[in-house]
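**Student:** One structure, as structure tokens, below. Some questions next.
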Amino acid sequence: MVAPTKSGRLDDDERASLSLFISLEGPDGSGKTTQAQLLAERLRRLRPDVVLVREPGGTAIGDQIRQVLHDVRNVDMQPRAEFLLYSASRAQLVEQVIRPHLARGGIVVCDRYADSSLAYQGYGRGLDLKALRTVTAFATGGLMPDLTFYLDLDVAVGLRRRLTGGGEWNRLDDEALDFHRRVREGYSRLIAEDSGTRWHVINAARPIDQVHADIWEIVERFLP
Ligand SMILES: Nc1ncnc2c1ncn2[C@@H]1O[C@H](COP(=O)(O)OP(=O)(O)OP(=O)(O)O)[C@@H](O)[C@H]1O
Ligand SMILES: [Mg+2]
């Protein structure tokens, strides 16, 4: 906890130091949405200032973009257009929700973030990673999570979960197994190449409560 200033109020820097930005990443059906909800619920038992958002979406404009991206009829969407739509949704989410909330000292849990674009549109679709990183930095103003949980799961198992789970089946779920394998391999490379300490790899093949316990153990250590 940060000591308050003489006035008893926190200044902007102190408030920002209380903030925590957490993202969940992983292939389709690996349990990101399930775990993001459990994590947000648990955090809310400790603090009231927890916001849970998802990508694409999380804002009124972002949710409209999400519909376009997920519509199974949009089979002719070009990879660059796809990437830019994700980026537009992300730019809106960062400016409208994430940045202001972090500035107030809050906690943000994000169900997918910029790494998803590098994994899916970069490694999955084969778009130039350097270009994707440049546009992503522009869209987010360089904002990256403090903590990222990578839920690692065999892609066939994940897609089976999605099929039997009764949730929405979207345009990207429709991709060939090969595409999803490239995405998973891409995530592994992103993690291997990152020199920082943001990534935490979680074995997502275990029961929901065990995966949650692993995530919670790490989050607890980062709570201001
Ligand atoms: N550890 C788990 N073991 C078994 N089933 C799980 C587990 N975690 C989640 N599920 C189930 O698998 C399905 C997909 O989970 P979820 O929607 O959380 O995945 P996701 O990573 O958010 O998928 P997507 O990438 O498509 O958004 C759901 O029906 C969910 O209940
Ligand atoms: Mg999900």
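**Student:** Counting only helical runs of four or more DSSP H residues, what would the 222 nm mean residue ellipticity of the chain come to if each run contributes -39,500 (n - 2.57) and the total is spread over all its residues? Each step should come with its number before you reach the end.
**Tutor:** Working: 10 runs with 111 residues, N = 224.
About -15000 deg cm²/dmol.
**Student:** A further question on this structure: What distance in nm separates the two pseudo spin-label positions at Leu129 and Ala176, each 7 Å out from Cα along the beta-carbon direction?
**Tutor:** The modelled label-to-label distance comes out at 2.2 nm.
**Student:** Working out 0.36 nm times the residue gap between Leu163 and Ile218, then minus their Cα-Cα distance, what length gain in nm do you get to one decimal? Present the calculation step by step, with values, prior to reporting the outcome.
**Tutor:** On the way: separation 55, 0.36 × 55 = 19.80 nm, distance 3.03 nm.
Between Leu163 and Ile218, full extension yields 16.8 nm more.
**Student:** Roughly how many debye, to the nearest 20, is the charge dipole of region 14-222 about its Cα centre, given +1 on each Lys and Arg Cβ, -1 on each Asp and Glu Cβ, and no other charges?
**Tutor:** Values: 28 positive and 29 negative charges, 53 e Å.
I would put it at about 260 debye.
**Student:** If only Cα atoms are counted, what is the Rg of the chain, and what is its Dmax, in Å?
**Tutor:** 17.5, 60
**Student:** Just check region 96-224 against the gyration tensor rule for me: Cα atoms, a ≥ b ≥ c as the square roots of the eigenvalues, rounded for a/c under 1.5, and otherwise prolate or oblate depending on whether a/b exceeds b/c.
**Tutor:** Working: a/c = 1.64, a/b = 1.14, b/c = 1.43.
Cα axes put region 96-224 in the oblate bin.
**Student:** Quick one: length gained pulling Ala88 to Arg198 fully straight, 0.36 nm per residue minus the C-alpha distance?
**Tutor:** Details: separation 110, 0.36 × 110 = 39.60 nm, distance 2.40 nm.
In short, 37.2 nm is gained.
**Student:** Any idea of the accessible area per residue across region 14-222, 1.4 Å probe, to the nearest Å²?
**Tutor:** In whole numbers, region 14-222 has 47 Å² accessible per residue.
**Student:** Oh, and also: Pairs of Cα atoms under 8 Å, at least six residues apart: use those to get the relative contact order of the chain, whole percent.
**Tutor:** 32 percent
**Student:** Let me ask something else. Given a 1.4 angstrom probe, I'd like the percentage of the accessible area of region 14-222 that is carbon and sulfur, rounded to a whole number. Walk me through the numbers on the way to the answer.
**Tutor:** Values: 5150 of 9790 Å².
Answer for region 14-222: carbon and sulfur cover 53 percent of the accessible area.
The values are calculated or read from the model by the stated rules, or taken from the named source; none is laboratory data. These numbers come from a predicted model, not from an experiment. Using ideal geometry, Cβ is built from the backbone for each residue, glycine included, and neighbour counts are taken over all protein chains shown. Surface accessibility is based on the protein's heavy atoms, side chains included, excluding ligands, DNA and RNA. Shrake-Rupley method; radii C 1.70, N 1.55, O 1.52, S 1.80 Å.
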